[in-house]
Structures are given as C-alpha cells and as structure tokens.
1. Looking at A:PHE166, A:PHE176, which one is farther than 18 Å from A:LEU132 by Cβ and either modelled with pLDDT of 90 or more or in a helix (DSSP H, G or I) (or both)?
2. Here are B:ALA484, B:ALA467, B:ALA460: which of them is surrounded by fewer than 24 Cβ atoms within 10 Å (Cβ to Cβ), among the hydrophobic types (A, V, I, L, M, F, W, C) and either at pLDDT below 95 or over 16 Å from the mean Cα position of the chain (by Cα) (or both)?
3. Assess whether B:ILE407 counts as being on the phi < 0 side of the Ramachandran plot and either within 8 Å of another protein chain (Cβ to nearest Cβ) or polar (S, T, N, Q) (or both).
4. Which is within 20 Å of the chain's Cα centre (by Cα), modelled with pLDDT of 85 or more and aromatic (Phe, Trp, Tyr), of A:PHE203, A:PHE215?
5. Please go through segment B:138-159 and pick out each residue that is in contact (Cβ under 8 Å) with a residue 24 or more places away in the chain, within 24 Å of B:SER124 (Cβ to Cβ) and more than 9 Å from chain A (Cβ to nearest Cβ).
6. Inspect segment A:103-110 for any residue being more than 12 Å from chain B (Cβ to nearest Cβ), among the polar types (S, T, N, Q), within 24 Å of the chain's Cα centre (by Cα) and part of a loop (DSSP other than H, G, I, E, B) and give the result as yes or no.
7. Identify, by number, the condition in (1) away from chain A (no Cβ under 12 Å); (2) farther than 23 Å from B:SER58 by Cβ; (3) not polar (S, T, N, Q) that B:MET289 doesn't meet.
8. Within segment A:186-200, is even one residue buried (at least 16 other Cβ atoms within 10 Å of the Cβ), of a type in the set (Gly, Ala, Ser), in contact (Cβ under 8 Å) with a residue 60 or more places away in the chain and under 25 Å from A:LEU283 (Cα atoms)?
Amino acid sequence: MSALESSLPQAPAPPPAQTRGARRRGRGLARWTTVTLLRGVGTLIGVAIVIFIVLRLLPGNQITASLGVSAGLLTPAQHRALNHFYGIGQPLPTQFWHWADGILHGNLGLSTQSGRTVTSLIGTALPVTLELAILSMIIGLILGIASGVAAAAAPGRFGDWSGQTFALFGLGIPNFVIGAALVAILSNVFHYFPSSKSYAGLFSDPWLNFQQLIFPALTLGIGVGAAVMRTTRGAMLDVSRLAFVRSARGKGLARRVVIGRHVLRNALIPITTMSGIQFGYLLGGTVIVEQIFVLPGLGRLLITSVQEHDYAVAQGATLVFAAGFVLVNILTDVIYMLIDPRVRT
Amino acid sequence: MGRRKLCGRIGIAAAVAGASMALAACGGSSSSSSGSASGGGGATGASSGKTVVVADTSSVQKLNPIVMTNFLDFQAIGMIYQQLVTLNQSLQVAPQLATSWHLGDGGKTVTFALRHGVTFDDGSPFTSADVKATMQYIVKPSTGAAAASYLASVKSVSTPSKYTAVFHLSHPDSSLLYGLTSQNMSILPAAAIKANTLATKPDGTGPYEYASYSPNNSFTVKRNPHYWGPAPKISGIEFKTIADEQSIASAMQAGTVQLGLLTQPQVAQQLSSPITVDKALNLNYRALMIQSKGPLANTDARLAIQCAIDRRAVLQAAVLGGGKVVGPVPQGPFATNPNAGTCATQNLAQAKSYLAKAGDPHGFSFTVLTSQELDGTSTAQATTIQNQLSKVGIKMSIDNVAGSQYIQQWLKGKFQAALAENGANPSPYIMYGRYFGAGASLAVPAGYASPTLKSLLARADQSNSQATQSTLYRQFTNYLVNNAVWVWLFNAYDYYATSSSLQGFAPLPSGQLTGLATATVS
C-alpha cells in the first residue's frame, strides 16, 4: 500500500458474511414482527367495528331484552332514565368512542344485566374456554396425527381405511350433533352427567374438572382430529415419495425410524398450518359445545349476552375470541420458523 | 327458549308473586280489607346440613329482585327475599314481613304493622325505613322497574314508628295488596339501596342467604342462621343449569339432582319410582290476543273464531293435555268459570252463524303472530287453531318470528292476532288494568278499548267489599268472553320431579320453591 493510499480514510472493513446474514435476519424479524402486530391490531379494530354494528342491527334494545313485553309497563320517565343508562339514542360513533376509550384505559365496561364488570365476567369464563380448547386440541392432535400416520404408513390397508372413515365421520358430522348425541347417550343410557354438578376448576377439583371437560373436548377434538388426519396422511404420502426417504430406506433404517424421524418430521409444516387453522375454528366451536354441555365459558357468556342485548359483554367476549384467533395465527407462524429454517430466511 | 325462560320474557312480573313461606310459622289469616298473623317463631332447632341440587334449563340472570324477570330468578332469589305480604295456597293475600294491615280514610291509606325481630343477611334490623326506601327505589325512574306500576296509586309512604308503615293512596286500590305480593316488591335493606350493591350481593330476610353465583352455570344459597321463622332443615340449595329437560331427568336418575323443574309433560311422564312428580298449574295463561281492526273489528267475526276453536284440542296439542282450559282469570278468589260464556266448547254451527252475521259467511283471512323461540308450544297451538278455523272457512296465516322481533311487534300492536303467554295474577285488576283500564300502559297490544271495561275495572278496584268486587269482576270477564275480546286458551302445568331423598317438599301455586325451607333431605 502506498503512502498516499495509507493517508486516505479507510473504508470500513466489510462485515463477515455471517454477521451480514444475522443482521438481515434481524431486520427481517423486526419487519415481520411489526407487520404481524399491525395486522393483528387491524383485525381486532375491524372485528370491534363489525360486532358493534351487528349487535345494534338486532331487533329490540337492552330494555326489551331485559324486560320483555313488560317494557310496555314503563312510564315515559322510566324509559328516559333507562335510555340514558343504556346509552340508547346516542349517535353510534359516540357510543363506539366511549367503548373504545374504555378499552384503551383497560375498562371493557359494565354488564347492564348482571351489574358486574365485563372484565370480571370474562376473567371467570375465559379459563374454562381455554382449558376446553387446549384439551380439545390435544385430543385432536393425538387422534389426527396417530390415524394420519397409520393411514400413510399402509395406504389402502386397514389402518388407512379406518383412518379415512374416522376423518369422514369427523368432518361430515357437525360438532353440535356429536355433542348432543354424547349427552343423550351418557345421560340416558349410563345416567352419567357430570355437568349436573357445579363446574369445578382445574385446581379445585381436578378429577371432576376432567370429567366435566373430557366429553366436550372429545366433541371438538373429533372434528380437529379429522382435519389433521387428512393433512397428515397427505403430507406424509408426499414426503414418502421424495428421494431422501428412499435413501433412508435403502440404507436399511428401520421403518419406524424412517416414518418418525424422516417422513413425519418433514410433513410437520402442513400439519402445523392445519392445526393453527383448526385451533381458530375450535375457539368458535366452543360457543356451541359450551351451550350443549352447560359449561360456564366464554362461548356461553357470548350467547347469553347477545340474547340479552348486553352489548358490552358481547363485544368484550367477541374481542377476546378475535384476539385468541390472532394470537394463534402468530404462534403458528412462530412455530413455522422454529421447525423450518427456510421460513426464517 | 323454553317455556320457563319465556315467563321471564313474556310473562309479566305479576305472574310470580311472593310465596307463603312464612305461613307455617304465622298461621295468618286475611281478608280483603285486613290481615293478621302471630309473631315469628324465631330460629329454633337448627337441623343438620345436607344440600339440595335444583336443576332447571334456565340460569339465574339477575340478582336484584326488583328488576328480575326470568322465572328461575324468582324461584332462586325468592329464597332470599321476602315481601310485606304474600299469597297463601288459595292465592289470597297473607302476612309475611307485615303481620297485619288495615285500611283507613275510606281505603285511601293502608297501614302495615311490621314484624319485629327480623334482620337482613347483613345483620341490620328490618324496620319501616327499609319499607319506605324500597318503595322509593322501585318508583325511581332510573331503577327501571316494571313493578312500579303496582304502586301507581301510592302517593307516599310514611313511617310513624319503627314498625309501622303507612301507604297513602290517591284513591282506594284493592289490587295494591296483590301487587305487594310480587317478588318484584321484595323488601330491601335501605343500606344496600344506598350502597348500590343489589345487583351483585343479595341481602334479604328470607330463610336462605346468598352464597355464590357462577353466571350461566349455578347459583347457591345457604341457610340463614338468623332467620326469624323456623330454621330451614336443608343447609344449602344449589340451582344448577342443565341444558335440556331430558338431561335433568337423567341427572335425577343418576342421583345428582334432588329437584328437577320441568315443563315438558313427556319428560315428566317418563320418570318413575323412586322419583315422584308433582304438578302445579302455572299462573301464566295462553291466549289468542286479537287486535280489533280490519275484519277482526267485528265482534261477530271474533266470536266466530272463538266458537271454531276447540281449546281442549289446543291444550292437547301444545302440552299433551298437561294443563287446564281457562277463562280470563285462571286462578284465585276471582277465577273465571271456563265452562261459562259464549262457546265455552267448540261449536262450528254457531261459528258459521256468527260468520253470517258478520257478513262473511264464507270466512275471512287474518294472520297470527307467534314466536316458537319464546314459547316452544306456539307452533303446535297455531297449527291446531289453523286447522280448526279452516273448518268454517277462516284462513289463518302463521307468522312465526324471532323472540326479539315478536316483542317489538307485540309492543307496537303490529299484529292482527298473536299467540301470547301472559302473566296472570289473582287480582283481575293487576292482570287487565294494564290492558283495558283507564290509561292502560299496554292498551296498544291489547287492541281493544271499551268504556264499560274501564268502568268495571275501576269500580272493582276501588271497592273494599270482596262481594262487590266479585260481582264486578264477573261482569268484566263475562264482557271479555261474550265479546271475544281475546280468546283465552289454557294454563299449563309445571312439573316438580323430586328424588326419594327429598321429603316434605310441596310446590306452591305461585311457582315458588320456598317449600324447600321446610323440607328435609336424607
């Protein structure tokens, strides 16, 4: 290097290739996080607006929902006072702003029917729904992956046939039919109806809690399992045809190892996608199943609040469901990244 | 929505009046002008503590007794709260928190002597101040209590002593006492009203006190250790929601429920020993309400409908015959004879004759508003009536709508005819003053106005003589039936399935479950 060259300002040394890659990944992760969060917030705002408007399109109002035809007995002064209390007659944007402002300050409002805070009602109901959803998911994944693997391992044979029959049953029969049938069989044939006892929390009475949740979870889990089974079977059959699987077989690896370590592992991406989608639908399914099995969860709270025009509760419960859906989608994306390095880049 | 829930939606609060829990202790007597009872027994011999599970398809919805409308709320919250007066087995007014009452100033004042030694669950004593505060709370517009209509004649409440409350009326009002029996007129502690805790923490004077509440799931009460009457033998009661009546029956057979509240006769009939099933006539009545306009403005056209309807067949189709055909006042001291009046039984020849007199010998058309969502029997009722009317050429279309839609149309009178389940009361004035009386708040859905009806109702209500009231109310109901203002159909039974371990429970005509306080469980 000449003296002239040495007197010139030195350009910064190019970073090592590994560091550049890490930065690029870091920027990519930051961008992904920002976009995902914005998308989630946008979804929640959209849901909030839609549920707010839809509830107000229903015939009647909080007064008639609360009093039925007895609302006709109210005097004009009582009507005025109740209109003021419920905010009836206020412009919709004003009502929406009051609600949104409350949410921003951590206040979901007050149940006009029970007098309790929406936060406390949701706080009581949400653990029931979460436990039900998680248990259903576990049942669904066990049923789905096990039958899917069995079907893919022996296409056209008994395992495949029984797995496909299960999938047809699970996808073809709505969960409310399965639930109602389960209730009828258990109660009428076996005189077994654990829901006739007060709902027991997971930590207060785990055994009763299990008895009360296992059948609703099975009702939902069958549907999830059916969808997961179809996806598992298809993905595994696709992967089974790839060259590396043939190589593994050619190397003399045990069938169990080939299926478990090579085929199933590489089929996990579509299974994860399907599981994420199913978990979202499963949250919706809890609304019906909680009603059938009389579980005091978020779904039952939502139905009751809609019937009673208890707007704050219905809006709050819907938002929590929507937030759950958004969260599950984010978690699914995160799991993608963990199990498939290609997605990370 | 089952019929039990329907009571809350459609049934007027008057349908459910306070029950006679106190009577066992008081042995009170009453008349139209006064009543009295001996002092309370005080809590004695507290017995052992087993709990009872009561199952219903509905859930407790509101804890404030003044604004509750759901039938189960009346039954569950009714274990906690009491009223000044209640209804006895004959549906006559009897003492409860008031031991006696007398009328003064020509019926323009009602003075209540209040029971001594009664405390609320929070330990505060029950006094006349609580009575006054409760009445003020009920009529306060922001409370939004439909029951305020019971106090329309009350100008003020004075409290000359700690145990005396005087109601000052604008005019004599014999229905006031019946109104005061409603659970919606429960006596509240003044402190709870002031603290605004009624919606979250019930605080009454009844045999049980609030224990816990899980919305949409269960509501539990426990024995009130300071109850002024005989100590309840059952230590606690849990009101449990079970999705459908068939499952309630199964839970009873499994032994996890001791008292099942049923409305479906087919479920009640399948239960067998050791489960016993009692039935009691529901206070609510089914009627075909008719708007007096269009072809139905003609009395002969309405009478043709009345004559063409076989009410027993409607009862059979709707609830498998589990009930009774009734007239305008189904039960109580002023009950109507359902076998009297024009076309008490189906008479097709008479129906055709009325059609000819109406100028429509070949019949006419109209539409009936129903809501299967509100009343699970309404489709069966409607189709049966439709078939019966078609025999004389009357074409009835059925407009079955969602519950909230039905309520909106009903309140605005936007129907030609409507199948309704309305709340009944032993007092005809309470039942029909709101529909046909002067300044009736439900005149629009009633769809019929008559000076005769107004006059008869007002005179009966302002009379202090039960004989005069009986005469005037008989004339009133005769007018309703003979002009086919509406067509009254039937009252259905409620069924109370009890397990063998629950002994001594008897349902009350009001539908209240306060009989549980004197029952035992093994």
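The values are calculated or read from the model by the stated rules, or taken from the named source; none is laboratory data. Fair warning: this is a prediction, and the values are worked out from it, not measured in the lab. We place every Cβ from the backbone using ideal geometry, glycine too, and count neighbours over all the protein chains shown.
1. Working: A:PHE176 fails: farther than 18 Å from A:LEU132 by Cβ.
None of the others qualify; the one that does is A:PHE166.
2. On the way: B:ALA484 fails: surrounded by fewer than 24 Cβ atoms within 10 Å (Cβ to Cβ); B:ALA460 fails: surrounded by fewer than 24 Cβ atoms within 10 Å (Cβ to Cβ).
Step by step, each of B:ALA484, B:ALA467, B:ALA460 is checked, and only B:ALA467 is surrounded by fewer than 24 Cβ atoms within 10 Å (Cβ to Cβ), among the hydrophobic types (A, V, I, L, M, F, W, C) and either at pLDDT below 95 or over 16 Å from the mean Cα position of the chain (by Cα) (or both).
3. Working: on the phi < 0 side of the Ramachandran plot: yes; either within 8 Å of another protein chain (Cβ to nearest Cβ) or polar (S, T, N, Q) (or both): yes.
The answer is yes for B:ILE407.
4. On the way: A:PHE203 fails: within 20 Å of the chain's Cα centre (by Cα).
Unique residue meeting the criteria: A:PHE215.
5. In the first step, residues of segment B:138-159 are kept if they are in contact (Cβ under 8 Å) with a residue 24 or more places away in the chain; the result is B:138, B:143-147, B:149-151, B:157-159.
From what's left, within 24 Å of B:SER124 (Cβ to Cβ): B:138, B:143, B:145, B:147, B:151, B:157-159.
Hits for segment B:138-159 are B:ILE138, B:LEU151, B:VAL157, B:SER158, B:THR159.
6. Here is the first cut: in segment A:103-110, the residues more than 12 Å from chain B (Cβ to nearest Cβ) are A:103-109.
Filter again for among the polar types (S, T, N, Q), leaving A:107.
Filter again for within 24 Å of the chain's Cα centre (by Cα), leaving A:107.
Within this subset, residues satisfying the condition of being part of a loop (DSSP other than H, G, I, E, B) are A:107.
Within segment A:103-110, one or more residues are more than 12 Å from chain B (Cβ to nearest Cβ), among the polar types (S, T, N, Q), within 24 Å of the chain's Cα centre (by Cα) and part of a loop (DSSP other than H, G, I, E, B).
7. The single condition B:MET289 does not satisfy is (1).
8. yes
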